[in-house]
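No value in this document is a laboratory result; all are computed from the given coordinates. Everything numeric here is computed off the predicted structure, so don't read it as measured data. Quick reminder, even Gly has a Cβ in these numbers, built from the backbone with ideal geometry, and neighbours come from all protein chains shown.
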């Protein structure tokens, strides 16, 4: 006997506890394309665990209960065989076809969908591979709708009237609301801030929230205690969710298991065998944005080659790019190769699961490779503020994952670069704190006389002074100089640099004549050892001119600075920060020597170049604007000076 309409084939999952109404559900119910035409095929794609199946089930349930459809078929589309079998079952129930010949029965069912005016909805849940649905798509007819959920976002899933719908995580309010409703009543007294913090630490992922709530209920644990477990790196994420047989809402897989399937699929995509390794590399960097150039750099390629097996040819940047695309197609990362700054984003729990799949040695190797990649692409002149910020964030993250890896065998260059970048970008207190931590770690793991420990101490003293602690900087620099003379010798470049800074702090503390004398002695030694065109020799000349000016000879300072500018431009180029700094001082000393008009003109020209090279919001650009306004006033234009200061204040 044939089934009567309306008829349902297959069983969709029950509504999850504490199901959250989401904007995506409303969009599914009212889906139209750009021209206002109803969308008949929608593909819900997203990271495993974002709730695609629940959204599809909610949509199907709503349409069925509202009497909007005559035939509803729910297909668990984990394989081509599963799809054919479900179609054959629908054909048997609705048409009386022979289920013993599933291919024939499924073909007849699809033909029937296109020929009969019945209203139908076919849901293909958890499609694993676009190839599995080839030749099995329901027909594109006005009275039918197709809804697919999948972790894939291949181009093959779109076209023929089908639209890709990206499903993301909960909003912070939805996540907090979910936890508040899903947790047992005794948690109702939990601090709302604790719930919000837990939701953020789980990065608002629906599956993670549901499994965390079940774990809390089973263990009778407070939210604050659970957050401590999550933060404790001796516990894995798998230990902070229920056992597989105790998962909520008829779930069958833990978070780690859900994503391991996606990684396996990604690793089989071309270039085969690289996606998993690339995910390991992304797992130790900033989830909010990783420069694509780091992940395709020679350092990244060396890591991929080191970790790969059974390959005789080195990896290429094109293959590394292909691995990113494979991970993107599986929704394990978000890769935007065509943006202003091509980058990669990764959910922080995906990162954690990936890191926890590595042994200590492999994790250390991934951290070292990531640090190498960042150091390799970090520009000597930070012209792009967005790139600079993303590099700093990534360096801070990689240092926090396995920081000892980047210190125990010698401080990695990226940590020195990070500290200098923070300070040179105007974050002098952050630079001070960074070098203090670095010096303490180096002292403990490398010893007090290791060259890297001494370098970290130099950075700490330098940025203490830049932060305003002149006395502390002078004392720390003098102590460092004593140790460097003993360990490195008097002619070592690092010893010279410390002598330079010691003179500098004395000058800032009110003894410019003494600072000038120390700089003159240092210039003699640097010229003898390093040569006249070495950047460090230039730095000493720069400071010597400055201390002459502060000691009462601004005209002489201007002359010395002009000579230095000629040499720095020749050796370093016109856009180098040191060249720009020399132009700044030249304009300043000309003004102090009694030529304010020349000073104003010099600062006006410098402002144009600093804005172009360092950006309009760079601290040194702002300082240049301040000097320009000042010297305009000194040159007889107080109204222009006032206007310049008013704009700068904003």
### Query
Roughly speaking, what is the centre-to-centre gap between region 581-603 and region 254-276 when only Cα atoms are used, to the nearest Å?
61 Å
### Task
Give the angle, between 0 and 90 degrees and rounded to the nearest 10, that separates the Cα long axis of helix 470-487 from the longest principal axis of the Cα atoms of the chain.
90 degrees
### Approximate spin-label separation residue 571-residue 605, in nm, with each point projected 7 Å along Cα-to-Cβ
2.2 nm
### Task
Quick one: compute the contact order of the chain, relative version, from alpha carbon pairs under 8 angstrom and 6+ residues apart, as a percent.
8 percent
### Task
Using only Cα atoms, find the angle between the long axis of helix 255-268 and the longest principal axis of the chain, and express it within 0 to 90 degrees, rounded to the nearest 10.
80 degrees
### Task
Sort out for me the Cα centre separation of region 340-370 from region 371-403, rounded to whole Å.
15 Å
### Message
Cut-off is 10 Å between beta-carbons; in what order do 4, 268 appear when sorted fewest neighbours first?
### Response
4, 268
### Query
When DSSP beta bridges are limited to those with both residues in region 7-166, what percentage is antiparallel, rounded to the nearest 5?
5 percent
### Query
Gain in length, residue 158 to residue 340, computed as 0.36 nm per residue apart minus the alpha-carbon separation, to one decimal in nm?
62.9 nm
### Fewest-first ranking of 462, 500, 235, using other Cβ atoms within 10 Å as the exposure measure
235, 500, 462
### Query
Taking other Cβ within 10 Å of each residue's Cβ, how do 148, 165 sort, fewest first?
165, 148
### Task
Calculate for the chain the 222 nm mean residue ellipticity that helices alone would give, adding -39,500 (n - 2.57) per DSSP H run of length 4 or more and normalising by residue count, nearest 500 deg cm²/dmol.
-19000 deg cm²/dmol
### Message
Taking 8 Å as the Cα distance limit and 6 or more residues as the minimum spacing, I'd like the relative contact order of region 270-377 as a percentage.
### Response
42 percent
### Acute angle (nearest 10 degrees) that the helix 512-530 long axis makes with the longest principal axis of the chain, alpha-carbon atoms
70 degrees
### Task
Determine the percent antiparallel among the DSSP beta bridges restricted to the chain, to the nearest 5.
20 percent
### Query
Cα centroid distance between region 427-467 and region 45-81, in Å?
57 Å
